[in-house]
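Every number here is computed from the coordinates shown, using simple stated rules; none is lab data. Computed from a predicted structure; not experimentally measured. Positions of Cβ are backbone-derived with ideal geometry, glycine not excepted, and every protein chain shown enters the neighbour counts.
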Amino acid sequence: MDPLYDEGTIEAVAGLKDAAVRLSDLLVLDCRPAVDAWQQAVEARLLPRLMPDFPLVAAICGGGSSGKSTLFNALVGRPLSPTGGRAGINRRPLIAISTRYEKQPEVADALCDPFDCAPKLLEAAEELASPGDPLLCYEKSLPQGLALLDTPDFDTGAGGSYQNREMAERSLSAADVLIYIFTNANYNNRDNTDFIARMLTTVGTRNSFLVYRVYPSFSDDEVLDHAGTVARNLYGEGAERHVLGVYRAGEDNRVAAGERSVGVVPAGDGRIGLMEALSQMDPRQVKGELHRSIFADVIHQGQGFVEEVRQANEHLAAYLEGLRTMQRSSVQKALSHLPMDAVVRRFSQIWRDTDPSHVKIMRKTGQVVEGPLRLALRAAKWIRGSKAGKKQTLPEGVAAAAMEADLVQAANGLRKAAVDPELTLRLSRMDPAVDRMRERLRRLTKRAGATEASNQDDTATFRISLPPALAVTREALRRANWSASLKDMLARQEVPGGLTGDLEEELQRLVREQRARMTTFDQIRQTFAAMLNIIPATAAVTYVLHTGDPVGAVGIKVKLAGLFGLNDLYALVAIPATAGMQKADLKQLEALLAPVARAWLTHKLTAIERLFEEKITGMLLENGVQTLDAADGQIHAMAHSLAHGRRVLENAP
Ligand SMILES: Nc1nc2c(ncn2[C@@H]2O[C@H](COP(=O)(O)OP(=O)(O)O)[C@@H](O)[C@H]2O)c(=O)[nH]1
Ligand SMILES: [Mg+2]
């Protein structure tokens, strides 16, 4: 059994079509019209043909007045088609199928498909005499699985212009098998056979039954001899392989007089009747080649389409990556001016509060270890001499204003990027995000919608157009009241240095941990206590965020692992005391402060990120990821169906 007609194949084709339509909706592709046409073709042309009971289409063809319509009526058993009279009286094809197909309109649709029209029922024979689309009739007498076609004369016309040729051509391309009828007057007319022969080579070779309308006085041998000439003219060498049977239609005057229908008998002995031969043909076997080529077309187009969809999805992925990167740098910008001293101050407060009682007494009586104090003084002196150090200490009110300005600027920038039709991403060449973006761009073979500009300086610029799938979401964002969102964001900002419950808990935990590590060395512990007092008092500790290790920077490097799902975000806590501190002291300070800085920055960054997602990027990212996932699933389904289709094509019987 030909795998073309397997249930699995029908399922694969239906699945392919469904996934393609869903994908073009999901990704809002501009090839939508092409997909619609393709879906139409699959539904109208391929799927019905793969059904087990799609009929065999037999087209009666031949020169003008050779008796096509007379034969058609004889086979159907009713005078449906007008006969005789003026040559070329049939101006449009007539299709007759069994009444059992009345309940399967897709069959009639598929039969009319080569004519680019919807099925229309024949109402009166006269309709056939005016040009137009083919007409259809359901006939009880016809055997199941057979569609009979009466075609217009292809050789009727004047001055080399054949008025019915196009319809005749379409009829032939719709046919699975031909019934070629000829007379003694035209059997050797090369013009007629050449036309059919040309049609057969352009739309694929179809086999034929030959019907010779001839006087009873001709012997079967003469009939077979003349039919052989016709066959050679039609098919050339090896013609006998394509001729399924030769029949003679009696040249009886009672037929012309309309008194009786034409009798069609096999020429030669032991042959079966024409109608019997037609109903014995297995449509699937006959149609195999035709169906296979339609099927191959569908698979081929599906393949091109899945590539296009993959690219659209990669584009979406690139955009989301870009937007996330943009958001990350906006979050960093929003935190450009956060003073850290309040956090360190609170940490040292907790530290002192949790001192054992003997230390508390010692501190009260002034018996504090000398070393740390000396160190503290040295550090303080250095700070006083350092401009940078002074600048970093901001009075509370100024800090608040600077923080607000940072937040507004960063939020505005991110919002503009999110509502722009194109995302412009400017990154330092050192930023690992550059490599990630380049990798994304590499996967976009067409490069449509995403490019990297060539920069002279040490930055890299990426431009990614908004994927059509996100156009609606972006429009909603653009229309939302931005100034209200901004106001809300500012209102929800914590006062600088304000500690939320989360961070307070985190600091308490850090104090406990640090203490646990230092129990044995009281000396070191006291050094820490002293340093904790000094740092917030002498200078605010500031930080910068880097992506990538800030190699060679002076201060404490804090790796903020796991933030935003990245592992390359660093904070540099610049400690002015480095100038006066011994290496060992600095190391201890780092051990103490790094976790505090990490806890605090993580806390702040996450809060801002959450705020930005809620007010700006959330819907884009969420819808984007959902679309990406859903499309991935459909692409997978398409690839699966296509693979099945390719296997069917490779395993042609
Ligand atoms: N004597 C005779 N006349 C026929 C026969 N078949 C068709 N005709 C006549 O030939 C003429 C043309 O027939 P028609 O079926 O309209 O030919 P079409 O143009 O090929 O469809 C009509 O007058 C028919 O009655 C036949 O077997 N014997
Ligand atoms: Mg006719």
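Details
- The alpha carbon gyration tensor of region 409-512 gives principal lengths a ≥ b ≥ c with a/c of 1.5 or higher and a/b no greater than b/c, which makes the shape oblate.
- Fewest neighbouring Cβ atoms within 10 Å first, the residues Cys31, Cys117 line up as Cys117, Cys31.
- Ordering Leu592, Leu244 from the fewest to the most neighbouring beta carbons within 10 Å gives Leu244, Leu592.
- Most tightly packed first, judged by the mean number of other beta-carbon atoms within 10 Å of their residues, the peptides 6-14, 183-191 read 6-14, 183-191.
- Region 448-480-region 18-89 distance, computed between alpha-carbon centres (Å): 47 Å
- Ordered by the count of other Cβ atoms within 10 Å of each Cβ, fewest first, Ser81, Ser465 give Ser465, Ser81.
- Calculated FRET efficiency for the pair Arg22/Asp220, C-beta based, R₀ 56 Å, to 0.05: 0.40
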